[in-house]
1. What is the distance in Å between the Cα centres of segment 92-123 and segment 27-51?
2. Testing the spin-label approximation: label points 7 Å from Cα along Cα→Cβ at Asp23 and Ala144. State their distance in nm.
3. Within straight cross-link reach of Lys138, meaning Cα distance under 18 Å, which lysines are found once same-chain residues fewer than 8 apart are removed?
4. Do you know the relative contact order of the chain, to the nearest whole percent, from alpha carbon pairs under 8 angstrom that are 6+ apart?
5. Accessible area, 1.4 Å probe, largest first: how do Glu34, Glu46, Glu137 sort?
6. Restrict the search to segment 22-52; then list the trypsin sites (Lys or Arg not before Pro) that DSSP places in a loop and that have at most 16 other Cβ atoms within 10 Å of their Cβ.
7. Under a 10 Å cutoff between Cα atoms, tell me which one of Pro61, Pro97, Pro25 has the largest fluctuation in the Gaussian network model of the chain.
8. Let a ≥ b ≥ c be the square roots of the eigenvalues of the Cα gyration tensor of segment 18-91; is it rounded (a/c under 1.5), or, if not, prolate (a/b larger than b/c) or oblate?
Amino acid sequence: MEGDEMDQPIELRMSNGRMAFGDVPEHIDELLQEAVRARDIPDRCEAILWDAHRAAPRVLPVYYALYKFYFNRKRLADAERVARIGLDAAAREGGFPADWSRLTAQTTDWTALGAPRFFLFTMKALAFIELRRHNREKSLAILAKMAEIDPVDQVGYGTIAALAKGLGE
């Protein structure tokens, strides 16, 4: 998280006020906001985020905060690792396979909030991470699966897909 983005609280709500990826207990939200305040001390910020994860390993937004932290610090291998762990956690919670290549439009209700929405959002993040790591083919494979299971593009993966396709031209 850089610049003005870091000055804002970690926003986990949609425009209608509902939590996008599931409820965040107050004590975990406080840790996430403390991590934002510690942004100028990356080691401290990272430690707080992992404290939040240890305190609530099933709270999906903590994975989001962690992979975003790593991505914005250009620690792409760490961002990818956390995103993949987050996919596993969301799949467990949602009761569907963690292997995104096995998913279909009928696997679950992909329009549901919570685990399904988080899974889609994290797939999009993983596609972007792969693209930034110069793994265009992996990124395109993830994006193709997203187009299959979420044809209305609820989480905005189309932007990443256009970028990935543009890099190949």
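The values are calculated or read from the model by the stated rules, or taken from the named source; none is laboratory data. A quick note: this is a predicted structure, and the numbers were derived from the prediction, not measured. Cβ: placed from backbone, ideal geometry, glycine included. Neighbour counts: every protein chain shown. Note: accessible area is taken over every heavy atom of the protein model, side chains too, but ligands, DNA and RNA are not part of it. Shrake-Rupley method; radii C 1.70, N 1.55, O 1.52, S 1.80 Å.
1. 28
2. 4.1
3. Lys124, Lys165
4. For the chain, the relative contact order is 18 percent.
5. Putting Glu34, Glu46, Glu137 in descending order of accessible area: Glu137, Glu34, Glu46.
6. Answer in residue order: Arg39.
7. Top of the fluctuation ranking is Pro25.
8. Verdict is oblate for segment 18-91.
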